[in-house]
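In what follows, a single structure is set out as C-alpha cells and then discussed.
Bear in mind that the values in this text are calculations on the coordinates, not laboratory data. This structure is a prediction, so every number in the text was calculated from the model and none was measured. Reconstructed Cβ throughout: ideal geometry from the backbone, glycine too, with neighbour counts over all protein chains shown.
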Amino acid sequence: MESWSMSFLISEVLLGREYTNAQSKFLVRDRIGGDAHQGIGQTFLSENEDGGVTGHTIVRIEHDDSGKQFGLFSTTFVAPEFRRQAIADSLLRRGETWMVEHGVNEAVTYTSDANTKLINLYEINGYKIVEVLPGKKMIKLAKPLLRVGAP
Ligand SMILES: CC(C)(COP(=O)(O)OP(=O)(O)OC[C@H]1O[C@@H](n2cnc3c(N)ncnc32)[C@H](O)[C@@H]1OP(=O)(O)O)[C@@H](O)C(=O)NCCC(=O)NCCS
C-alpha cells in the first residue's frame, strides 16, 4: 500500500465527514434524501476547504429480480482538477458506510468496460467483475459488505 493512503484519516464533522490525506482536506457532505419511485437514495458531495464542490456520488437501495436488496453506486464524478487525491475513494467508502447503515450486504456498480480508472478504483476496494452485460460494453462490479454487529 502506498504511503499516502496510510495517512488517511476520517472524522465526523457537522452533517458530513471530514477526510484528510497527505495532500488535501475535504468534506463529504450528506445531501438529498430519498425518492418515492426510486426508493431510498443519497447524494454525497465532496467539498474542499473553501466549500467548493469537488465531486459527488449517488447511491440507492435497489432490489434484484428475486427481491434481494443491494446498494447501487449510480454515479461518481470528480472534477478533473481534483482527481488523483483519493476523493473518489472517499466517496466510495462513504457510500458503502451508508449502505451498511441501511442494512444492505452487497454493493454494486455498473460502468463501461473501457472505464479503467473507475474499474481500478473499485477493484482496489475489493470489488470483482461479476457480469459482462451482453452487447452493451458494460460490466457489473460487486462486493459483499460486512453488516454492523454481524457475527
Ligand atoms: C473515475 C473517477 C471518479 C476517479 O476519481 P479520483 O478522485 O481521481 O479517484 P482517486 O483519486 O480515488 O483514484 C484515482 C487514482 O489516483 C491515485 N491516487 C489517489 N490519491 C493519490 C495521491 N494522494 N497521490 C497519488 N495518487 C493518488 C489512486 O491510486 C488511483 O490510481 P490508479 O488510477 O492508478 O489506480 C474520475 O476519474 C472521474 O470522475 N471520471 C469521470 C466520470 C466517470 O467516469 N464516472 C464513472 C461512471 S458514473
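Values for this structure:
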item	result
His63, His56, His102 arranged by Cβ crowding within 10 Å, fewest neighbours leading	His63, His102, His56
Spin-label model distance (nm) - Tyr110 vs Lys137, 7 Å beyond Cα toward Cβ	1.6 nm
Flagged links, alpha-carbon separation over 20 Å, of Lys68/Lys117; Lys68/Lys143; Lys68/Lys137	Lys68/Lys117; Lys68/Lys137
Order of Leu145, Leu72, Leu133 under a 10 Å beta carbon neighbour criterion, fewest first	Leu133, Leu145, Leu72
Dimensionless Rg over Rh [region 32-117; C-alpha; Kirkwood]	0.99
